[in-house]
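Below: the structure, in structure tokens.
Read the figures in this text as sums done on the coordinates, not as results from a lab. Just so it is clear, the structure is predicted and the values come from calculations on it, not from any experiment. Counting neighbours? That spans all protein chains shown, and the Cβs are built from the backbone with ideal geometry, glycine included.
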Amino acid sequence: MRNACSALIIGFAMLSLTACGTAGNVGLGVVGGAAAGAGGYELHLNNQKNKVEEDFKDKKIDEKERDIRLDQIKRDSLLQ
């Protein structure tokens, strides 16, 4: 999931460098910004998932609570 976001961001960055014309640059800038925002959001969700797993290992939450939280994180993900 993380690699897909990184590849998407890098791809849009490369496209923005090679675009022709002002309208192309603006459009790719908007798309590139959206891709960067989505990548940041997915990274945040990955960090949340890791936190839930840590809490489970440390016995701060039980298995049922872990499953509920991981399901919520999965539903919030843009890359399901």
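For the range 52-80, the set of residues classified as of a type in the set (Val, Ile, Thr) and within 14 Å of Tyr41 (Cβ to Cβ) consists of Ile73 only.
Within the range 54-76, work out how many residues are surrounded by 14 or more Cβ atoms within 10 Å (Cβ to Cβ) and either touching a Gly at 6+ places or on another chain (Cβ under 7 Å) or in contact (Cβ under 8 Å) with a residue 12 or more places away in the chain (or both). Talk me through it step by step, then tell me what you get.
First pass over the range 54-76, keeping only residues surrounded by 14 or more Cβ atoms within 10 Å (Cβ to Cβ): 55-56, 61, 66, 69-70, 73.
Keeping just the survivors that are either touching a Gly at 6+ places or on another chain (Cβ under 7 Å) or in contact (Cβ under 8 Å) with a residue 12 or more places away in the chain (or both) gives 66, 69-70, 73.
Residues that pass the stated criteria total 4.
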